[in-house]
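Q: My questions will all concern the structure given below.
The values are calculated or read from the model by the stated rules, or taken from the named source; none is laboratory data. Just so it is clear, the model here is predicted, and its values are computed rather than measured. In this analysis, Cβ positions are derived from the backbone assuming ideal geometry, glycine residues included, and neighbour counts consider all displayed protein chains. Heads up: the accessible areas ignore ligands, DNA and RNA and are worked out on the full protein's heavy atoms, side chains in. Shrake-Rupley method; radii C 1.70, N 1.55, O 1.52, S 1.80 Å.
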Amino acid sequence: QVQLVESGGGLVQAGDSLRLTCAASGRTFSSAAMGWFRQAPGKQREFVAAINWSGGGRYYADSVKGRFTISRDNTENTMYLQMKSLKPEDTAVYYCAAGGSYSYTPKEDLGYSIWGQGTQVTVSS
C-alpha cells in the first residue's frame, strides 16, 4: 500500500512563507485527488486545499485563498503546499491525504483513503 510522508513544517513568524511536501512511497500510486487538511489543538480537522489528478482543478478553503498554493507532480508522486503570509491562526498539524474518490468532492475528508502522519506548522506573532 502507498504511504504518505509530510515534511517542511516548522516554527515561523507571522508573515513568513513555508512549503510543505507530501511524498508518496510505494510500488505504485494513483489518485483522483489529493488534499491538505489541518487540525489545531482542540479543533476539528478542517479542509485546507485539494488538487485533482491532472492538476487542472484546485480548491482552497476561504481562509487560505490568495495565500496558499497547491500543486502536484505525478511523475514523482509528490504534492506541495506553498504557504505565504502565514498567520498565527494557521498553526496546526497539517495532514496530506490521497486516494480521493469521485464519489466525493475534493474538499471532503471522507473521500480520501490514505493519510500521512502530519507535520507541525507553528506561526508565532
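Q: Which ³J(HN,Hα) values, rounded to whole Hz and listed in residue order, are derived for region 43-58 from phi using the Karplus coefficients 6.51, -1.76 and 1.60 in 6.51 cos²θ - 1.76 cosθ + 1.60 with θ = phi - 60°, glycine and proline given as x?
A: 10, 6, 5, 10, 5, 10, 7, 8, 9, 7, 4, 7, x, x, x, 10
Q: Right, next: Taking only protein heavy atoms into account and a 1.4 Å probe, give the accessible area per residue of region 85-125 in Å².
A: Accessible area per residue, region 85-125: 50 Å².
Q: Evaluate the distance, in nm, between pseudo-label points positioned 7 Å from the Cα of D62 and of K87 along their respective Cα→Cβ axes.
A: Simple spin-label model gives 1.2 nm for this pair.
Q: On to the next question. Taking θ = phi - 60°, what integer Hz values does the Karplus form 6.51 cos²θ - 1.76 cosθ + 1.60 yield along region 107-121, in sequence order, with x for Gly and Pro?
A: Result, ordered by residue: 8, 9, 5, 5, x, 9, 10, 10, 10, x, 7, x, 9, 7, 10 Hz.
Q: Please pull out the direction-averaged projected area of the chain, using the convex hull of its alpha-carbon atoms, in nm² to one decimal place.
A: Orientation-averaged projected area of the Cα hull: 7.1 nm².
Q: Quick one: dipole size for the chain, taken about the Cα centre, charges +1 on Lys/Arg Cβ and -1 on Asp/Glu Cβ, in debye to the nearest 20.
A: 120
Q: Sticking with this structure for a sec: Could you derive backbone 3J(HN,Hα) for region 85-99 from the dihedral phi with the Karplus parameters 6.51, -1.76 and 1.60 (θ = phi - 60°), listing whole Hz in sequence and x where the residue is Gly or Pro?
A: Computed from phi, the couplings for region 85-99 are 6, 5, 10, x, 5, 7, 4, 4, 8, 9, 10, 8, 10, 9, x Hz.
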